[in-house]
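Please read the structure below before turning to the comments.
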Amino acid sequence: MLYTFYTIAVSLYDFSHVKYITWKQAENQSSVYSSRRSTTVTYNFVKDNVRISRKYPGILEGVNTWVWGINKEDQKLDISFFIREKDYIKIENNEIAYRKDIFGGKLNELESIPFFGLRNINVKANEMTLLSDIWKYNYHWWVFLIFLLVPQLLKFLAKKIGFNTTETENKSKFTKMNDYIFWILSIINIINLII
């Protein structure tokens with residue numbers, strides 16, 4: 001639950017510190033990577049050596065990408081979007097670094113800047129969809145799984161090794177509370193995948 005509240009707080013902060021940008025004739029460099037295990041859709045838009053980008057896990061792109069109102073197949077697009085103020089300052093000061101390979105060598109590709117609330121030019125996303133898009137960016141479902149499953153895994157391993165775990169008389173209340181927390185977190189995770 002703490003992770004969910006943390007991501008909501010970060011999203012609210014980011015929401016209050018965004019900058020609205022419009023680009024005419026932005027180059028669409030979006031791509032789809034497919035393998036046996038998964039598909040990743042990356043939306044890249046480039047203009048004046050600035051690249052904005054978002055990655056989505058295949059079919060779980062979410063509702064926000066459906067309401068963009070752009071033709072995702074066009075090579076040149078007139079778009080409007082929001083970026084965080086700290087990223088806008090990087091752009092203004094020409095501080096966008098080049099990506100690095102695993103050995104620290106400079107690649108011939110600029111770091112990408114995350115965008116939110118992408119729409120056709122001069123169309124702004126409403127506040128609710130913008131906030132949900134920012135939250136989707138800040139929330140990572142795999143972190144949710146770690147927080148949810150690691151305590152259960154540790155408890156299971158402790159029993160297998162032979163450590164005595166203390167049993168309390170309020171076990172049924174505690175188990176019910178754990179079940180409620182599990183289902184609430186599962187619903188939050190599903191909502192994040194949908195948006």
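The values are calculated or read from the model by the stated rules, or taken from the named source; none is laboratory data. Note that the structure is a prediction, hence the values are computed from the model and not measured. For neighbour counting, all protein chains shown are included, and Cβ atoms are generated from backbone atoms with ideal geometry for every residue, glycine included. For accessibility, only protein heavy atoms count, side chains too; no ligands or nucleic acids. Shrake-Rupley method; radii C 1.70, N 1.55, O 1.52, S 1.80 Å.
In region 1-128, if every C-alpha pair distance is counted and binned at 5 Å from zero, what percent goes to each bin?
2, 9, 17, 21, 21, 17, 10, 3, 0
Assuming 0.36 nm per residue, please report the length gained on full extension of the stretch Lys124 to Asn94 beyond their Cα-Cα distance.
8.2 nm
Calculate the dipole size of the chain relative to its Cα centre from +1 charges on Lys and Arg beta carbons and -1 charges on Asp and Glu beta carbons; express the result in debye to the nearest 20. It would help to have the intermediate numbers written out before the result.
Working: 25 positive and 19 negative charges, 113 e Å.
Computed charge dipole of the chain: roughly 540 debye.
Would you calculate a helix-derived [θ] at 222 nm for the chain, using -39,500 (n - 2.57) for each DSSP H run of n ≥ 4 and dividing by the full residue count, to the nearest 500?
That comes out to -13500 deg cm²/dmol.
Looking at the chain only, what percent of DSSP beta bridges run antiparallel? Nearest 5 please.
Counting only bridges with both partners in the chain, antiparallel ones make up about 95 percent.
Using a 10 angstrom cutoff on alpha carbons, build the Gaussian network for the chain and name the most mobile of Gly104, Gly117, Gly62.
Greatest mean-square fluctuation among the candidates belongs to Gly104.
Give the long-range amide H neighbours of Gln29: residues separated by 5 or more places, or on another chain, with amide H under 5 Å away, using H modelled in the peptide plane at 1.01 Å from N.
Asn44, Phe45, Val46
Taking K and R as +1 and D and E as -1, what net charge do the other residues with C-beta under 12 Å from the C-beta of Val63 add up to?
Working: positive: Lys136; negative: Glu61, Asp133.
Cβ neighbours under 12 Å give a net charge of -1.
What accessible area per residue comes out for region 34-136, rounded to a whole number of Å², with a 1.4 Å probe?
60 Å²
Scan region 42-129 for chymotrypsin sites (Phe, Trp or Tyr not before Pro) in coil per DSSP, keeping those whose Cβ has at most 10 other Cβ atoms within 10 Å, and list them by number.
Those that pass, being in a loop and sparsely packed, are Phe103.
If a paramagnetic tag sat 7 Å from the Cα of Thr39 along the Cα-Cβ line, which residues of region 67-110 would have the backbone N under 11 Å from that point?
From region 67-110, the list is empty.
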